[in-house]
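Undergrad: A single structure is presented below for examination.
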Amino acid sequence: MMPTTVFLIQILIFCSVPGIFSEDITVEIAQGKLSGAQQTAIVTGTPFYSFKGIPYAKPPVGELRFKFSYFSSRNQYGQAGVKYGLSLASHFDIENYLFDPKSLNLPLEASSEEYTMVQNITTAITNFAKYGEPSPDGSLGVNWPKFTTKSLAYVNFGTTLESSKGADEKDMKFWQGLYDHVKKIKALSSGWRSVLSFFDRFW
Ligand SMILES: *[C@@H]1O[C@H](CO)[C@@H](O)[C@H](O)[C@H]1NC(C)=O
């Protein structure tokens, strides 16, 4: 386990309410042992086991990429922009299409566009988990293009599913410029330099 993860877990342990970690659990999986602790969901009071600090996956730097830009009343976080004239998808909005947040009581009519979106997103994600491809049989009406630093290809989940390239090009140029600028600073500490080289792998 990485030292930072251990450190975070220590903070969590020392800051937690007494008793919260009383019912610890250890489970054995193919890769080794996992230690967890029983906790209680804040909203519903339901007990659950929490396993923290599991190194679980490679960073999302594969060649099949997507952007979620769909907007509807299901976009819980994007809704905050409506009063400023912005009807845009926000970070985390996709979760309400992948899962049904019962406490929000979001209506979902089988004849609605939102419903098709829920179908399309869950199909793409579960296909990817099962077959390593979001649309292996082309049934989503799109052939997933491969992302390379040249093609910059991805699929946009908008009102339709469409392959496109150069997502958020203007914003990407801005951040790339800032990144290149910071990298040239000679006085940069080795810690910050390693943070920057971490981001190198994304393009
Ligand atoms: C869902 O996918 C179908 C193709 O299977 C497409 O015709 C439709 O436009 C998609 N709907 C949405 C909301 O993305």
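Undergrad: Right, residue 169: free of Cβ contacts under 8 Å to residues at least 40 places away in the same chain, surrounded by fewer than 12 Cβ atoms within 10 Å (Cβ to Cβ) and within 14 Å of the ligand (Cβ to nearest atom) or not?
TA: Considered against the rule, which asks whether it is free of Cβ contacts under 8 Å to residues at least 40 places away in the same chain, surrounded by fewer than 12 Cβ atoms within 10 Å (Cβ to Cβ) and within 14 Å of the ligand (Cβ to nearest atom), residue 169 comes out as no.
Undergrad: Kindly provide the set of residues from segment 153-172 that are on the phi < 0 side of the Ramachandran plot and of a type in the set (Asp, Glu), ordered by number.
TA: Passing the criteria: 162, 169, 171.
Undergrad: Do we have residue 89 as surrounded by 15 or more Cβ atoms within 10 Å (Cβ to Cβ) and small (Gly, Ala, Ser) here?
TA: yes
Undergrad: May I pose another question? With the requirement that a residue be closer than 25 Å to residue 131 by Cα, touching a residue at least 12 places away in the same chain (Cβ under 8 Å) and assigned to a loop (DSSP other than H, G, I, E, B), what does segment 52-68 give you?
TA: Within segment 52-68, 54, 55, 59, 61, 62, 63, 64, 65 qualify.
Undergrad: Might you check whether a residue that is within 16 Å of the ligand (Cβ to nearest atom), assigned to a helix (DSSP H, G or I) and surrounded by 14 or more Cβ atoms within 10 Å (Cβ to Cβ) occurs anywhere in segment 69-81?
TA: The answer is yes, given that some residue of segment 69-81 is within 16 Å of the ligand (Cβ to nearest atom), assigned to a helix (DSSP H, G or I) and surrounded by 14 or more Cβ atoms within 10 Å (Cβ to Cβ).
Undergrad: Does residue 183 satisfy the criteria of being away from the ligand (no atom under 13 Å from the Cβ), of a type in the set (Lys, Arg) and outside the structural domain of residue 94 (by TED's automatic domain parsing)?
TA: yes
Undergrad: If we keep just the residues of segment 99-138 that are away from the ligand (no atom under 14 Å from the Cβ) and within 23 Å of residue 155 (Cβ to Cβ), which is surrounded by the most Cβ atoms within 10 Å (Cβ to Cβ)?
TA: In this case the residue turns out to be 128.
Undergrad: With 175, 144 as the choices, which residue is on the phi < 0 side of the Ramachandran plot, hydrophobic (A, V, I, L, M, F, W, C) and away from the ligand (no atom under 16 Å from the Cβ)?
TA: Just one listed residue meets the conditions, 175.
Undergrad: Kindly provide the set of residues from segment 139-163 that are surrounded by 16 or more Cβ atoms within 10 Å (Cβ to Cβ) and either touching a Leu at 6+ places or on another chain (Cβ under 9 Å) or of a type in the set (Lys, Arg) (or both), ordered by number.
TA: 140, 142, 144, 145, 147, 154, 155, 161
Undergrad: Okay, next question. Quick check on my filter: what residues within segment 151-162 are in contact with a Pro (Cβ under 8 Å, 6 or more places away or on another chain) and within 13 Å of the ligand (Cβ to nearest atom)?
TA: Passing the criteria: only 155.
Undergrad: For segment 103-116, does any single residue satisfy the condition of being more than 14 Å from residue 70 (Cα to Cα) and assigned to a helix (DSSP H, G or I)?
TA: Checked against the condition, which is being more than 14 Å from residue 70 (Cα to Cα) and assigned to a helix (DSSP H, G or I), segment 103-116 yields at least one hit.
The values are calculated or read from the model by the stated rules, or taken from the named source; none is laboratory data. Everything numeric here is computed off the predicted structure, so don't read it as measured data. For neighbour counting, all protein chains shown are included, and Cβ atoms are generated from backbone atoms with ideal geometry for every residue, glycine included.
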